[in-house]
1. How many residues are farther than 21 Å from B:Tyr90 by Cβ, among the small types (Gly, Ala, Ser), without any contact (Cβ under 8 Å) to a residue 40 or more places away in the chain and within 12 Å of chain B (Cβ to nearest Cβ) when one looks only at the range A:18-53?
2. Determine which member of the set A:Lys49, A:Lys77, A:Lys56 is farther than 24 Å from B:Gly59 by Cβ and surrounded by 12 or more Cβ atoms within 10 Å (Cβ to Cβ).
3. Return yes when A:Thr65 is at pLDDT below 95 and either farther than 26 Å from B:Cys92 by Cβ or more than 14 Å from every other protein chain (Cβ to nearest Cβ) (or both) and no when it is not.
4. For B:Ser75, which of the numbered conditions (1) surrounded by fewer than 20 Cβ atoms within 10 Å (Cβ to Cβ); (2) away from chain A (no Cβ under 14 Å) fails to hold?
5. Need the failing condition index for A:Val82 against (1) of a type in the set (A, V, I, L, M); (2) surrounded by 15 or more Cβ atoms within 10 Å (Cβ to Cβ); (3) farther than 15 Å from A:Gly106 by Cβ, just the number.
6. Would you tally the residues in the range A:75-113 being more than 14 Å from every other protein chain (Cβ to nearest Cβ) and under 14 Å from A:Ser32 (Cα atoms)?
Amino acid sequence: GNSVTQMEGPVTLSEEAFLTINCTYTATGYPSLFWYVQYPGEGLQLLLKATKADDKGSNKGFEATYRKETTSFHLEKGSVQVSDSAVYFCALGDAGNNRKLIWGLGTSLAVNP
Amino acid sequence: DAGVIQSPRHEVTEMGQEVTLRCKPISGHDYLFWYRQTMMRGLELLIYFNNNVPIDDSGMPEDRFSAKMPNASFSTLKIQPSEPRDSAVYFCASSLRGRTDTQYFGPGTRLTVL
């Protein structure tokens, strides 16, 4: 079945640093890929998504590109802020069923002023 | 829209007691998901419904767990009897059918079983 591997955290950065959180996947077919973010004490919310190879999802300065050749969907941001401190989850649709998502374990990000 | 509503936000109970968690999905959404989040196991899908019908309950840990969706605007997750290892944050999420479904999460219920 489909699976996703996400880099372990925690990640600690200074404000305005460059962020990369790695996510790789194995999948049959062409599932959609997602990044969700969980701020302290809240539920998860969609950050960005991509539905096919070479698609780039972007939101709030974050970007991720659906790379079929490397089976990756790495999350990047050029300049992080303290308010970006959260846990980030990579997810992909299950085989033939984007309603059921396969989740990574999450990467905690702490941004210091 | 009010978003996904969950109640209670916090629940503390003793081992052996029955626990009922409640969820109101976003109006018009036809999929509803129950998740459990722990430090050890991360985010686990327990069960999901489509149009009030359970589609996949393969993630429900054991018979002590049950979920119902009597109508499009309400769902419950019940644990009877509860055990300390059930302590976790339980999330409800809903989505609208489509190829790139976005799931909208509630704020979660933090359950502590003593």
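1. Residues flagged as farther than 21 Å from B:Tyr90 by Cβ, among the small types (Gly, Ala, Ser), without any contact (Cβ under 8 Å) to a residue 40 or more places away in the chain and within 12 Å of chain B (Cβ to nearest Cβ) within the range A:18-53 amount to 1.
2. Matching residue, one of A:Lys49, A:Lys77, A:Lys56: A:Lys77.
3. no
4. (1)
5. Among (1) of a type in the set (A, V, I, L, M); (2) surrounded by 15 or more Cβ atoms within 10 Å (Cβ to Cβ); (3) farther than 15 Å from A:Gly106 by Cβ, A:Val82 violates only (2).
6. Residues meeting the conditions: 0.
Here's the yes/no breakdown for (1) surrounded by fewer than 17 Cβ atoms within 10 Å (Cβ to Cβ); (2) within 12 Å of another protein chain (Cβ to nearest Cβ); (3) β-branched (Val, Ile, Thr); (4) more than 12 Å from the chain's Cα centre (by Cα):
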{"residue": "B:Val4", "(1), (2), (3), (4)": "no, yes, yes, no"}
{"residue": "B:Cys23", "(1), (2), (3), (4)": "no, yes, no, no"}
{"residue": "B:Phe33", "(1), (2), (3), (4)": "no, yes, no, no"}
{"residue": "B:Thr38", "(1), (2), (3), (4)": "yes, yes, yes, yes"}
{"residue": "B:Gly59", "(1), (2), (3), (4)": "yes, yes, no, no"}
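The values are calculated or read from the model by the stated rules, or taken from the named source; none is laboratory data. Note that the structure is predicted; figures quoted are calculated from it, not measured. All Cβ positions, glycine included, derive from the backbone under ideal geometry; neighbour counts span all protein chains shown.
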